[in-house]
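This report concerns only the one structure given below.
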Amino acid sequence: MARNAFIAGTGLYAPQRVMDNKEAGEIVGEDISEFMEALGIHKRCIMAEEQSTTDLAVRAGEKALEDAGLRAEDLDLLILSTDTPDIISPQSSAAVAGELGMRWDSTFFDINSSCTGFVAAAEVGASMIRSGSMDNVLVIAVYGMTRFAAMERSKFFALFSDGAGACVLQAGEEDRGYITSHFIGDGNHWDSLGVYVGGTRFPATGDRLEGRGEIAPGLTFFRRELINRNPDYWPIIIEKALDKVQLKKEDIDCYIFTQINIQGIRQTCENLGIPMEKTHNIMGEYGYTGNACIIMALDDARRKGKVKEGDLVALTASGVGYTMSTIIFRL
């Protein structure tokens, strides 16, 4: 049997500070309950003032390692997926690796693919295991967007939440693990929504940091365009991935989608011809945690018995940029 990468353990961490829709509405300055309830979001988690992306990532990573029965010293590689890093350089994975206690001859790097980041990181990790270059890979997806999203700007920014999820990918020859994936992207939409100030295109000058520049600091609409292709495009990329391995959509035991809009997930299920019962959703409890939401939802599904060993799971994500991806594992 060919060498493969399987999910040996998962973990989830959400900050203790929880804000419901009523409190968020008071910050925004209007009642946002109806808007948020329509999305399926009841509350959000906010990192403490003394916390950072690294702190959230370490907590989730430790839980995944414990679940896999491994120590940080056993890891060959850490892949950190985030678009809310502690700092621009060096990579945030360096601090996470140090905090976890990874050995000196292991390695680490960051991946930034906006809200599709976990799927991209899992694909890279699985590929490196399947190639034979790594045996134990920790993939952590972490989101600290509340540090960049000024909630008082509009009710839209109140959907963002902080959190981290992680999984341990391990080499094995069992009849489970990585099955297939499919990725698409449209770079013409890079300038719709994002954090633009602070890089080389829009350096963090005094005017920009104080909001006097042509673009505001933090998360902002640049061209003010939101793309809602999910219900139409998610079924397409899932079916393309399934076709690669001669599987049918009915073969998937659980579908997990980007946790931003329950109505979009419901419409996707209708378009796919599958029941909502085949999905697992956590946005009601955790809010929208960007690239971390996919692996957070998988961990939650495992803990609640929604998925079990041997099940086929399809993890499908979308992100600004614009990217979309799906990856399929047999647990």
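The values are calculated or read from the model by the stated rules, or taken from the named source; none is laboratory data. Since the model is a prediction, treat every value here as computed from it, not as a measurement. Cβ placement follows ideal geometry from the backbone for every residue including glycine, while neighbour counts extend to all protein chains displayed.
Taken over the stretch 265-300, the residue count meeting the criterion of being buried (at least 19 other Cβ atoms within 10 Å of the Cβ) and of a type in the set (Gly, Ala, Ser) is 4. Listed by first and then second residue, the pairs with beta-carbon distance under 9 Å, at least 6 apart or on different chains, first residue in the stretch 160-176 and without any contact (Cβ under 8 Å) to a residue 60 or more places away in the chain and hydrophobic (A, V, I, L, M, F, W, C), second in a strand (DSSP E or B) and surrounded by 20 or more Cβ atoms within 10 Å (Cβ to Cβ), form an empty list.
Considering each of LYS278, LYS304, LYS308 in turn, give the residue that is closer than 20 Å to ALA60 by Cβ, among the charged types (D, E, K, R), more than 19 Å from the chain's Cα centre (by Cα) and modelled with pLDDT of 95 or more.
Numbers: LYS278 fails: closer than 20 Å to ALA60 by Cβ; LYS308 fails: closer than 20 Å to ALA60 by Cβ.
Of LYS278, LYS304, LYS308, the one residue that is closer than 20 Å to ALA60 by Cβ, among the charged types (D, E, K, R), more than 19 Å from the chain's Cα centre (by Cα) and modelled with pLDDT of 95 or more is LYS304.
Take the stretch 26-41 and flag every residue that is over 19 Å from the mean Cα position of the chain (by Cα) and either surrounded by fewer than 18 Cβ atoms within 10 Å (Cβ to Cβ) or closer than 30 Å to GLU66 by Cα (or both). Passing the criteria: GLU26, ILE27, GLY29, GLU30, ASP31, SER33, GLU34, PHE35, GLU37, ALA38. Output yes when any residue across the stretch 168-176 is crowded, with 20+ Cβ neighbours inside 10 Å, touching a helix residue (DSSP H, G or I) at 6+ places or on another chain (Cβ under 8 Å) and closer than 21 Å to LEU219 by Cβ, and no when none is. No: the stretch 168-176 contains no residue that is crowded, with 20+ Cβ neighbours inside 10 Å, touching a helix residue (DSSP H, G or I) at 6+ places or on another chain (Cβ under 8 Å) and closer than 21 Å to LEU219 by Cβ. Taking the conditions (1) touching a residue at least 60 places away in the same chain (Cβ under 8 Å); (2) of a type in the set (Ser, Thr, Tyr); (3) surrounded by 17 or more Cβ atoms within 10 Å (Cβ to Cβ) in turn, TYR196 satisfies each one other than (1).
Out of curiosity, is ILE88 over 16 Å from the mean Cα position of the chain (by Cα) and β-branched (Val, Ile, Thr)? Please lay out each step first, then the result.
Numbers: over 16 Å from the mean Cα position of the chain (by Cα): yes; β-branched (Val, Ile, Thr): yes.
Yes.
Which residue is farthest from LEU315 (Cα to Cα), if the candidates are limited to the stretch 236-259 and must be part of a loop (DSSP other than H, G, I, E, B) and in contact with a Cys (Cβ under 8 Å, 6 or more places away or on another chain)? Only one residue fits best here, namely GLN259. Of all residues in the stretch 3-16, exactly one satisfies the criterion of being more than 20 Å from the chain's Cα centre (by Cα) and assigned to a strand (DSSP E or B), namely ASN4. Restricting the stretch 1-18 to residues that are of a type in the set (A, V, I, L, M, F, W, C) and surrounded by fewer than 19 Cβ atoms within 10 Å (Cβ to Cβ), the residue that is nearest to ILE140 (Cα to Cα) is VAL18.
Every test in (1) part of a helix (DSSP H, G or I); (2) at pLDDT 95 or above; (3) closer than 25 Å to GLY218 by Cβ; (4) of a type outside the set (Gly, Ala, Ser) is passed by GLU152 save one, and that test is (2).
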